[in-house]
Amino acid sequence: MKTRSTLALSLALSLSIQADNWTQFRGLDGASVSGDKLPTKLDKKNISWSVDLPGRGLSSPIVYGNKVFLSAASGPDQRRLHVICLNADTGKQIWERQFWATGRTMTHPKTCVAAPTPVCDGERVYVLYSSNDLICLDHDGNVKWLRGLTLDYPNASNSLGMSSSPIVIGDTLVVQVENDSESFAAGINVQTGVNRWKLDRPKAANWTSPTVAKSDGKYVAILQSSKGIHALNPRSGEEVWYFGGGASTIPSSTFAGDGVLYVPANGITALKPGSKTKDVKELWVSGQLKPGTSSPVVMGQNIFTVNSIGVLTCGDINGGKRLWQIRMKGKKFSATPVAAGGFLYAVNEEGLVQVIDVKGEEGEVISTLDLGETVLGTPSVARNSLFIRSDGRVWKIGS
Amino acid sequence: MKTTTLKTAAVIFAGALCAHAVSPGEVQKAIAAIKAVGPEGEGNAKASDAWLTLSKGGDDMLIPLLTAMNGASPMAANWLRGAVHTVADKGINSGHGLPTGAIEEWLRDTRNDPRARRLAYDLIKQVQPQRAEWLIKGMLNDPSVELRRDAVRNVLNDAKARSSTKLYQKALDHARDVDQIQTAVAELRKAGKTVDVPKQFGFLMDWQVVGPFDNAEKEGFARKYAPESKVNLKTAYDGKKDKVKWEAFTSEDQYGMVDINTVYGMEKGVTAYAFTEYEAKEARKAELRLGSKNAWKIWVNGKFIFGRDEYHRGMRIDQYRLPIQLQKGKNTILVKLCQDEQEKPWTKEWQFQLRVSDATGAAILAQNRKPTPAAALKPKPRKKR
């Protein structure tokens, strides 16, 4: 049993170690914001490299040091699962491991089995698939442990596909596996792959990802569902606080640097976490900021949401007032934008990458780059570059 | 069985003797640790150490690793697969290559695990792609569905290039994957041939159905109505509104769809049961392969097999694969099918399709199977399934 101080240290290490990397869905603490310097004028020349992938996927690439990790699935029923490690500088493959899906692989045609984004810490990479296969490798591709969560919990699946991306908090991997039939969340020991805790969750389809937040100075795992928000102690699974009233089941909450949790609920609901349920404060609710599939992004004093047809809305985080709206290029958007240096980087489903200058009175698309392929996955940012993947390819776009 | 075990052990030891810095005893112990992994991560810690031991081996470790997949659980097979990739990569990256002769010999033994044989094939393909293409030509009737698929793909390509009905028929005779069967059937029909699709797949077409029973607020899924205790086709039951009794239903759909709405109308918040008798030629292992977007439960010979309470999230042929044991002679199959109360346009379906197959997906036809209804032999406009 770890002491509280040891736990606090491991939490601090696991979160600080991510500073120069993009270790999970939406990057640093799931906020979609990077301190990197990205190009603002995009051109084909900005493509440092692009690499063919062995299978489908809409999970984001994640980056740790000089390594890019990706998941993919191939075969007629996507039953062959791939974990790929590329050299971030050259795109050259360092290793690839393949596994067989042990759970159901049926999905809606638009999504696919490699939908959840992997997560890594300084030692290991954790890769979850829609089939609920959970693979843990070290950074050199050595198998550390495996789980087949549908083998363990046979009705945990969704015939439309699962997409919740796991997170690591300290030495616990938090997975959210929610569907109509057998819903649960679990905290898994990162070293052994054994459950520390497992909770029943609402029996309803849910594609949101857990988020890490701070409540009263302590890290909590935020689980979002149609019932609302549950904040859990990541190591014990015990509830720290709950906020009811329901929330979206597609875009996920964002915990921003201002200590506020921005929840896709009734548009956007801003919550100030507390140490108990009664201490949680609802700061504001704005129906004008309703996102589509993508999750909210907070940069500076602004919150940004994108709806499914490409309308980018900017709101004031102090009160939730809508400040402006622009229509970006393209008619369909699934990916969450990323923010860096006062610019947003969004990519539509047609694969058009757009740089939006959001520093002025109204946002403006100032540059675009057409990748020419369907892109549904959220971009990642590391090494002053964007990493974007389609079903068949991954690109590094840098200065 | 005893001979196979000894042979497997001999292969493991032989491989281990040549492996780098891993003794035969260590190999045996490591494989045992990996094969011992259980549910919920049980045995992961020991398996992780064992995996490192195995992955240190040279390429002579490949055959022992592949052989260890025989009889391995799905989780253990994945641990072993990871080790195969690691060992193979070392051989390839060092320029040493792979022992393709030994791998090919192992691949040719169809008693080995079908998926592991596909993995062995992929290793050959990685270093000798032309040899692999040559090998696949002889695998049209292979017990590995993945190997067979590539062989059928080649026949379909030839059939297309030569506009050959004969080759399309050959592809159909050997195909197991739904998409390949559908491709061959479409081409044969274009050529004016009649194809008995329900028989090809082994869909169960003749049923007795009873309902509707109440499923308000989805509570009927857990409720044990009378047919779950005993099926008596002459009995009437208390249904949702009135007395209900068993009625004969024959599917006229080429994919064996049992559409309950056509029996009771577009009901919501209801459940029904479908029952059939299946005469098996012999006692054997088999699979029930089900497609449905409604909540369902299945019993075979009175034994509960599986159930799932998901509604309207999608449906396809072979959506669920349920291993069963058939007994020689009469077997009974009972399906419970629940409809929820959603009123959205995509929540109207109250239907399922069920077939009996072997592990490769080949139909196992019942001895009492009736001729396919004429309507099911005619192609209908494709519905998204």
Requested in this report: Please indicate, with yes or no, whether at least one residue in the range B:239-251 is assigned to a loop (DSSP other than H, G, I, E, B), open to solvent by less than 20 Å² (accessible area, probe 1.4 Å) and on the phi > 0 side of the Ramachandran plot.
Outcome: no
Requested in this report: Return the only residue of B:Arg115, B:Arg111 being in contact (Cβ under 8 Å) with a residue 40 or more places away in the chain and more than 10 Å from chain A (Cβ to nearest Cβ).
Outcome: B:Arg111
Report summary line: Residue hits (the range B:341-352; open to solvent by less than 10 Å² (accessible area, probe 1.4 Å) and assigned to a loop (DSSP other than H, G, I, E, B)) are B:Trp350
Requested in this report: Take A:Gly141 and decide whether it is more than 10 Å from every other protein chain (Cβ to nearest Cβ) and touching a residue at least 40 places away in the same chain (Cβ under 8 Å).
Outcome: no
Report summary line: With criteria (1) touching a residue at least 40 places away in the same chain (Cβ under 8 Å); (2) touching a Ser or Thr at 6+ places or on another chain (Cβ under 6 Å); (3) among the polar types (S, T, N, Q), A:Asn155 comes up short on (1)
Requested in this report: Of all residues in the range B:59-81, count the ones that are outside any helix (DSSP H, G or I) and open to solvent by 10 Å² or more (accessible area, probe 1.4 Å).
Outcome: 4
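Take the residues in the range B:136-150 that are more than 14 Å from B:Ala120 (Cβ to Cβ) and within 14 Å of chain A (Cβ to nearest Cβ); name whichever of them is nearest to the chain's Cα centre (by Cα). Working first, answer last.
Applying the first criterion (more than 14 Å from B:Ala120 (Cβ to Cβ)) to the range B:136-150 yields B:137-138, B:140-141, B:145, B:148-149.
If we keep only those that are within 14 Å of chain A (Cβ to nearest Cβ) too, we end up with B:145, B:148-149.
Details: B:Val145: 9, B:Arg148: 14, B:Arg149: 14 Å.
The qualifying residue nearest to the chain's Cα centre (by Cα) is B:Val145.
May I ask you to say which residue of A:Gly360, A:Gly342, A:Gly319 is open to solvent by 10 Å² or more (accessible area, probe 1.4 Å) and without any contact (Cβ under 8 Å) to a residue 12 or more places away in the chain?
The conditions single out A:Gly360.
Checking the condition within 13 Å of chain B (Cβ to nearest Cβ), within 21 Å of the chain's Cα centre (by Cα) and more than 26 Å from A:Asp77 (Cβ to Cβ), which residue from A:Asn206, A:Asn158, A:Asn189 passes?
Details: A:Asn206 fails: more than 26 Å from A:Asp77 (Cβ to Cβ); A:Asn158 fails: more than 26 Å from A:Asp77 (Cβ to Cβ).
Testing whether each residue is within 13 Å of chain B (Cβ to nearest Cβ), within 21 Å of the chain's Cα centre (by Cα) and more than 26 Å from A:Asp77 (Cβ to Cβ) leaves just A:Asn189.
Go through the range B:301-340 and tell me which strands (runs of 3 or more DSSP E), entirely inside it, have 1 or more residues that are away from every other protein chain (no Cβ under 14 Å) and open to solvent by less than 30 Å² (accessible area, probe 1.4 Å). Reasoning before the result, please.
Numbers: elements: B:303-308, B:320-326, B:329-339.
In the range B:301-340, the matching strands (runs of 3 or more DSSP E) lie at B:320-326, B:329-339.
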Query raised in the report: Looking only at residues in the range A:161-172 that are within 14 Å of another protein chain (Cβ to nearest Cβ) and either open to solvent by 10 Å² or more (accessible area, probe 1.4 Å) or among the aliphatic types (A, V, I, L, M) (or both), which one is farthest from A:Val212 (Cα to Cα)?
Result: A:Met162
Report task. Answer yes or no: is there a residue in the range A:113-124 that is on the phi < 0 side of the Ramachandran plot, surrounded by fewer than 21 Cβ atoms within 10 Å (Cβ to Cβ), modelled with pLDDT of 95 or more and in a loop (DSSP other than H, G, I, E, B). Result -> yes
Query raised in the report: Is it the case that A:Leu81 is buried (at least 23 other Cβ atoms within 10 Å of the Cβ), touching a Phe, Trp or Tyr at 6+ places or on another chain (Cβ under 6 Å) and under 24 Å from A:Leu160 (Cβ atoms)?
Result: yes
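The values are calculated or read from the model by the stated rules, or taken from the named source; none is laboratory data. Quantities reported herein were computed from a predicted structural model and do not represent experimental measurements. In this analysis, Cβ positions are derived from the backbone assuming ideal geometry, glycine residues included, and neighbour counts consider all displayed protein chains. For the accessible areas, the whole protein counts, side chains as well, though only heavy atoms, and no ligand, DNA or RNA atoms are used. Shrake-Rupley method; radii C 1.70, N 1.55, O 1.52, S 1.80 Å.
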